[in-house]
Amino acid sequence: MGDSSLTEKMDSLASDQEVVRRYLDRAEAPEQLPEAERRQLESQIRELMRVKNARLVAHYYTESSLQDLAEDSGGFVGDSLEMARFGRDCDADILMVAGVRFMGESAKILSPDKLVLMPTLEATCSLDIACPIERFASFCDEHGDRTVVVYANTSAAVKARSDWVVTSSIALDVVEHLMERGEKILWAPDKHLGAYIRKTTGADMLLWDAACIVHEEFKARGIEDMLSMYPAAAVLAHPESPDAVLEIADVVGSTTQIINAAKQLPNQDIIVATDQGIFHKLQQLSPGKRFIIAPTAGNDATCKSCAHCPWMAMNSLQALYASLLNETNEVEVESELAEQAMLPLKRMLEFAEKSKLGVKGKA
Ligand code: 13P
Ligand code: SF4
């Protein structure tokens, strides 16, 4: 790489970090409600959902009351692939998506006739922010010989420019499939997930340079120290974590794959390198086990997330209620863009339906 392109790259990385910082400054955590108020709000939401034929789809990283409400009211809690699938298949008139913006957009693209609402449209993702369509499209144009595979954590415009969309639960399988067909890949935006897939499959992959601010904080050194305190513990990690963390993990997988592995593994102690929101489901499904959050950079000024996504945390019962009552925070995707983005999304869902997806573990 020449001096000028290296400087350009450093400049764009610095500006991505600045933009992420600005979004982070606006990501305010909602007020915690007293128990009685929370229960009352939940029953009001339940009633509204019944009257309006609405269903709630929540990600594992959202607060536990949203996850419980989704499940108790005929909605769904899951990873980003399953959320997209459920949203497409359910017969509701209104889909409420508790998660981050790209999840709402995927739901809208796959269900153009449903009204898709979110508790907040401000909930974004550092990967989405750091992959703006203009720069991404030029990157693709420069490497026109490569199949473009993008992570679901991207805007509708980036998806529309891709050949395949994948989530962390299916990325390895899709890349293996493309590799068997002799295709070279352009991967965006998560560099850690991309590097993990490249290392595992040996595929020819050119990587975009962006990271998840939550997973990037996990430290291999801290996990090793923890393993000396809990020598019989298993380590489960999401593949958005850095390579050194994935190297010591017993199982690497999506949120659902982590939950399944925790149930199946014989270990009583489990160190988890992903967002803490997942502990609610982990504990529900494996009540006898002890779950320990993997250490991050620490609770000081350098810790941007401390193992909890600040954007997932913006989803609250209060905001959900207001959005459903007033039908505000509607997710809209321009129809031509939605049609283009639908193709790689459908390709992923069809591929998922054909293949049997398991946990990619090293245990
Ligand atoms: P999953 O697809 O595993 O749910 O991950 C989504 C995500 O944003 C992880 O940070
Ligand atoms: Fe994005 Fe990371 Fe938050 Fe997931 S946890 S939504 S990848 S910032």
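Assorted remarks:
- Extreme residue, farthest from the chain's Cα centre (by Cα), among residues of the range 176-192 that are part of a helix (DSSP H, G or I) and either farther than 14 Å from Val252 by Cβ or in contact (Cβ under 8 Å) with a residue 60 or more places away in the chain (or both): Glu180
- Test for Gln264: is it more than 16 Å from the chain's Cα centre (by Cα), under 26 Å from Ala58 (Cβ atoms) and away from ligand 2 (no atom under 16 Å from the Cβ): yes
- Index of the failed condition, Ser162 passing every other in (1) of a type in the set (Ser, Thr, Tyr); (2) within 15 Å of ligand 2 (Cβ to nearest atom); (3) crowded, with 24+ Cβ neighbours inside 10 Å: (2)
- Where a residue in the range 193-218 is without any contact (Cβ under 8 Å) to a residue 60 or more places away in the chain and among the hydroxyl-bearing types (Ser, Thr, Tyr) and its partner, wherever it lies, is away from ligand 2 (no atom under 16 Å from the Cβ) and not in a loop (DSSP other than H, G, I, E, B), with Cβ under 8 Å and at least six apart: Tyr196/Asp243; Thr201/Leu172; Thr201/Val175; Thr201/Glu176; Thr201/Met179
- Residue check, Lys191 modelled with pLDDT of 95 or more, away from ligand 1 (no atom under 16 Å from the Cβ) and either within 18 Å of Ser169 (Cα to Cα) or buried (at least 17 other Cβ atoms within 10 Å of the Cβ) (or both): no
- Any hit, the range 109-120, residues being assigned to a helix (DSSP H, G or I) and within 16 Å of ligand 1 (Cβ to nearest atom): yes
- Residue list for the range 261-297, filter: surrounded by 16 or more Cβ atoms within 10 Å (Cβ to Cβ) and assigned to a helix (DSSP H, G or I): Ala261, Ala262, Gln276, Gly277, Ile278, Phe279, His280, Lys281, Leu282
- Filter result for Asp11 (modelled with pLDDT under 95, away from ligand 1 (no atom under 16 Å from the Cβ) and buried (at least 16 other Cβ atoms within 10 Å of the Cβ)): no
- Residue list for the range 210-224, restricted to those being outside any strand (DSSP E or B) and within 15 Å of ligand 2 (Cβ to nearest atom): Ala211, Cys212, Ile213, Val214, His215, Glu216, Glu217, Phe218
- From the options Val77, Val51, residue that is at pLDDT 95 or above and closer than 26 Å to Leu349 by Cβ: Val77
- Every pair of residues 6+ apart whose Cβ atoms lie under 6 Å, when the first sits in the range 153-167 and is more than 18 Å from Leu178 (Cα to Cα) while the second is assigned to a helix (DSSP H, G or I) and within 15 Å of ligand 1 (Cβ to nearest atom): Asn153/Phe102; Asn153/Leu127; Asn153/Asp128; Thr154/Asp128; Ser155/Asp128; Ala156/Glu105
- Per the conditions (1) within 16 Å of ligand 2 (Cβ to nearest atom); (2) among the β-branched types (Val, Ile, Thr); (3) not in a helix (DSSP H, G or I), the sole criterion not satisfied by Val235 is (1).
- Checking each residue in the range 220-246 for being acidic (Asp, Glu) and within 21 Å of the chain's Cα centre (by Cα) picks out Glu240, Asp243.
- Taken over the range 194-219, the criterion of being of a type in the set (Val, Ile, Thr) and either surrounded by 21 or more Cβ atoms within 10 Å (Cβ to Cβ) or under 20 Å from the mean Cα position of the chain (by Cα) (or both) is satisfied by Ile197, Ile213, Val214.
- The residue of the range 37-74 that is surrounded by the most Cβ atoms within 10 Å (Cβ to Cβ), among those that are part of a helix (DSSP H, G or I) and of a type in the set (Val, Ile, Thr), is Ile45.
- Residue in the range 131-149 that is crowded, with 19+ Cβ neighbours inside 10 Å, under 17 Å from Met103 (Cα atoms) and of a type in the set (Phe, Trp, Tyr) present: no
- Evaluated against (1) within 16 Å of ligand 2 (Cβ to nearest atom); (2) touching a helix residue (DSSP H, G or I) at 6+ places or on another chain (Cβ under 8 Å), Ile292 falls short on exactly one condition, (1).
- Lone qualifier among Arg146, Arg161 - being away from ligand 1 (no atom under 16 Å from the Cβ), basic (Lys, Arg) and touching a helix residue (DSSP H, G or I) at 6+ places or on another chain (Cβ under 6 Å): Arg161
- Some residue of the range 198-209 being within 18 Å of Phe139 (Cβ to Cβ), assigned to a helix (DSSP H, G or I) and away from ligand 1 (no atom under 14 Å from the Cβ): yes
- The one condition from (1) at pLDDT 95 or above; (2) within 16 Å of ligand 1 (Cβ to nearest atom); (3) outside any helix (DSSP H, G or I) that Lys304 does not meet is (1).
The values are calculated or read from the model by the stated rules, or taken from the named source; none is laboratory data. Predicted model, so just to flag it, every value in this text is computed and none were measured. Neighbour counts run over all protein chains shown; Cβ positions are idealised from the backbone, glycine included.
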